[in-house]
Structure formats: structure tokens, C-alpha cells
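Asker: Below you will find the structure I want to go over with you.
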Amino acid sequence: MDIFDAAIICKECNKEMKPIVVEKLGFHLRAVKCEKCGEKIIHPADLERFKHYDNMRGKTYNVKLRVVGNSHAVSIPKEIFDFMNEMHGKMNKDMNDMVRLCFEDFGKLSMNFMGENEYGKE
């Protein structure tokens with residue numbers, strides 16, 4: 001049973017709070033909101049995952065570039081992969097369909113670990 005499965009009463013109004021979803025930097029955080037005073041409480045587990053993401057976001061990682069056959073490979077830090085795995089369940093997709101690489105600008109590559117449908121681009 002989850003803590004948000006129980007009725008949560010607003011400490012200001014003494015009224016039952018209603019479940020909502022709060023979007024923050026692309027994260028969908030479960031929350032409850034008092035319809036009378038507007039007080040919000042974000043689910044503690046969702047808030048913890050968001051804080052973990054926010055701490056990793058913008059952090060620079062030194063990674064190794066290796067030659068594998070006729071290609072080059074970049075190692076992905078375990079911290080990043082574990083976080084993505086936690087957020088998206090077990091990554092059971094075929095590895096060939098899992099990552100998209102984009103040559104954005106001179107000296108800048110980006111890697112997309114979710115399909116375009118998951119970002120709402122298609």
C-alpha cells in the first residue's frame with residue numbers, strides 16, 4: 001500500500017486533498033492538492049527521484065572513448081544508466097532500438113535513450 005492511497009487531510013482547511021499530477025522539468029510528480037487553499041504535497045518518492053535527477057542534470061562526466069571494430073564507443077557512467085533504468089523500468093528493449101545519436105553541431109553529439117514517441121515528437 002502506498003501512502004497516497006490513504007485520504008490526506010489539509011492541515012490548514014481540514015478538508016480532504018485531491019490527487020493531481022505536477023509537471024516539473026518533464027517529470028510527472030504525483031501530488032495531492034487542497035481545492036480550498038491550494039496547498040500541495042508532492043509524493044515523497046517522486047520528489048526524491050526528481051532531486052536525484054536535478055543533482056545529476058548538468059553534471060559533466062569524463063568518459064572513455066574506445067575503438068570497437070570500425071566504430072568508436074563511449075562508456076556511459078553507471079550512475080546515469082542506473083537512474084535511467086530506474087525511471088523507465090527494466091530496459092528490456094533491444095539495445096539497437098534503445099539509443100538514438102544526433103550530430104547536433106560541430107563538437108556536439110547528443111544521445112537519446114527513449115524513442116521519439118516517448119518525447120511526443122512523432
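The values are calculated or read from the model by the stated rules, or taken from the named source; none is laboratory data. Since we're looking at a predicted model, the values are computed, not measured. Glycine also receives a Cβ, built like all others from the backbone with ideal geometry; neighbour counts cover every protein chain displayed.
Asker: Could you figure out which of (1) at pLDDT 55 or above; (2) farther than 21 Å from residue 61 by Cβ; (3) of a type in the set (Gly, Ala, Ser) isn't true of residue 110?
Answerer: (2)
Asker: Another one. So is residue 80 modelled with pLDDT under 90 and either within 30 Å of residue 7 (Cβ to Cβ) or in a helix (DSSP H, G or I) (or both) or not?
Answerer: yes
Asker: Could you tell me whether any residue of the stretch 1-18 is under 19 Å from the mean Cα position of the chain (by Cα), at pLDDT 90 or above, of a type outside the set (Ser, Thr, Tyr) and surrounded by fewer than 13 Cβ atoms within 10 Å (Cβ to Cβ)?
Answerer: Looking through the stretch 1-18, none of the residues is under 19 Å from the mean Cα position of the chain (by Cα), at pLDDT 90 or above, of a type outside the set (Ser, Thr, Tyr) and surrounded by fewer than 13 Cβ atoms within 10 Å (Cβ to Cβ).
Asker: With the condition kept exactly as written, say whether any residue in the stretch 30-49 is free of Cβ contacts under 8 Å to residues at least 60 places away in the same chain and closer than 24 Å to residue 110 by Cα.
Answerer: Yes, the stretch 30-49 contains at least one residue that is free of Cβ contacts under 8 Å to residues at least 60 places away in the same chain and closer than 24 Å to residue 110 by Cα.
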